[in-house]
Amino acid sequence: MHLPLVLLAYRSSVQESTACTPALLMLGRELRTPREMCFGRPPHTPAVPPGPEYARRLQDRMETAHAFARDQLQKAGIRQKRNYDMRAKGRDFNPEDLVWVFSPKRKKGRCPKLDCHWMSKKLVIVDTDCGIDDAQAILMALAAPQVQVLALTCVFGNADVNNVCQNVLRVLSVCGKEEVPVFRGSRGPLVGADCPLSDHFGSDGLGDVFKNKDPQWEQKIQKEHAVSAMIRLVSERPNQVSLVSLGPLTNLAMAVRLDPEFPQKLKDLYIMGGNMEGKGNVTLCAEFNFRMDPESAHVVLEDFLCCTYIATWEFACRNKLSWDFFDTLMSQDSAAARFMKTVTSQCWAYSRDALQNKRDVFFGPGFVSYDSYAVAAFIDPGLITASQHCPVRVELQGTIGRGMMALDPTDVLKKAHKVFVFEKCDVEKFGQLMMSSFRQM
């Protein structure tokens, strides 16, 4: 119990043999006593009486070594910063600007001396079929201070691609982020006939609550096709841009067909879609995004060899938030919360009614924002607490199984490329991230 005090007394006591304290010889400075920590050092510290010659030489060597180490660490940090600035692209800072970076994984006092104290923002392209849950996910990405959204690319899915573009523009307007470019992409699947569009979020994808459309919306869409823009933005910043896909994978499949090296230039890929237990939400065995364009899902999971993370439908359902959390989320006094409360007024009322009547309820009651899980995992990978690393394949045949994603944990397919399929997440942390994004916007 008294050992720390004994050690403090020993290290701060002047030794007869050296005429110095052990702390001065080990650290190059004297320890601060409890009294000095409270009231500061005395104005006149009595001089240490001269000791043996070898002790003075040892003290001089220690002080010289400490001064040299401090100087070299400072120079190494400056060199490291300069080299980083020369390699970095797409930054918001000028070379050698000093910035503070908050790292939640580091506790105070535990940062390595040569650790980087600077980093550029995480660059991302969000490919979306903007429905209500897409809108929530986009809000999260735009609100994250460590994320820079390079572009929002649109694809058919929850609505036709023109409605999707208008929905994205509406979300950007709510957030005050109209400077983010929006690109129109694929109108239908890669091959075959178009599947009927979903009406789960209304015919326009946002609950059919907005009667007035922006007559100038087409002028706000970039002229470049979404697939071309995707290839260009990633090629300009190889291995720096992440891609988050929230809808059918048609744009991604077209990108790899036009530029086979496109996946190699990506930093990583996050997908919301597919299933891992053979349960479907539009057919018996298939999830909506994959079922809308099974061929594109197949192409992406076969040809994209970059690091790939998948938030499946069952994963989202098993990590639901409570309806009490939903009510608190929508009661926030912010433009984002008011917007989301408006667009969710009808479809989420249906979800609660379905719960009371035991219809269409999977894995227990709760509020699910499917696409938000993929964006949250990109923003903070620490949210994911368990995942399965294995090959996957999309079924293209049949009427029941078409569009289903099959996992291969026993390596039957003999595929070299494996993906991370999320299994569990920190629901409380996920909720905090969503709540924070609504407060900021």
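At q = 0.11, 0.13, 0.16 Å⁻¹, work out log10 I(q)/I(0) for the stretch 225-328 with the Debye formula, treating every Cα as an identical point scatterer and leaving solvent out; two decimals please. Debye output, listed in q order: -0.39, -0.52, -0.72. Expressed per residue, the C-alpha convex hull volume of the stretch 122-440 stands at 125 Å³. Sorted fewest first by neighbouring Cβ atoms within 10 angstrom, CYS175, CYS130 come out as CYS175, CYS130.
Panel order for CYS317, CYS307, by other beta carbons found within 10 Å of each beta carbon, from fewest to most: CYS307, CYS317.
Counting neighbouring beta carbons within 10 Å and listing from fewest to most, the residues THR385, THR153, THR344, THR410 come out as THR410, THR385, THR344, THR153.
Backbone amide hydrogens, once placed in the peptide plane, bring ILE271 within less than 5 Å of SER245, TYR309, ILE310, ALA311, excluding anything fewer than 5 places away on its chain. Length gained on full extension, LYS418 to ASP327: 28.9 nm, using 0.36 nm per residue less the C-alpha separation.
Output the peptides 268-278, 390-400 sorted from most to least packed, where packing is the average of other Cβ atoms within 10 Å over each peptide's residues.
Values: 268-278: 23.4, 390-400: 16.1.
Going from most to least packed, we get 268-278, 390-400.
For SER345 and ARG187, the difference between the fully extended length at 0.36 nm per residue and the C-alpha to C-alpha distance is 54.1 nm.
Once you reduce the stretch 251-282 and the stretch 380-397 to the center of their Cα atoms, the two points are 12 Å from each other. With K and R counted +1 and D and E -1, the other residues having a Cβ less than 14 Å from that of GLN166 yield a net charge of -3.
Sorting the segments 71-82, 429-440 by their mean number of nearby beta carbons within 10 angstrom, highest to lowest, gives 429-440, 71-82. What spacing in nm lies between the two simple spin-label points modelled at ILE400 and SER203, each 7 Å away from Cα in the Cβ direction? Here the modelled spin labels are 3.5 nm apart.
Over 19 Å between Cα atoms, which of LYS267/LYS418; LYS320/LYS429; LYS223/LYS265; LYS122/LYS177; LYS121/LYS267 qualify? From the list (LYS267/LYS418; LYS320/LYS429; LYS223/LYS265; LYS122/LYS177; LYS121/LYS267), the Cα-Cα distance tops 19 Å for LYS223/LYS265.
Each reported figure results from applying straightforward, stated rules to the coordinates on display, with no laboratory input. What you see is a predicted model, and the numbers here were worked out from it, not measured in a lab. All Cβ positions, even for glycine, are placed from backbone atoms using ideal geometry, and neighbour counts span all protein chains on display.
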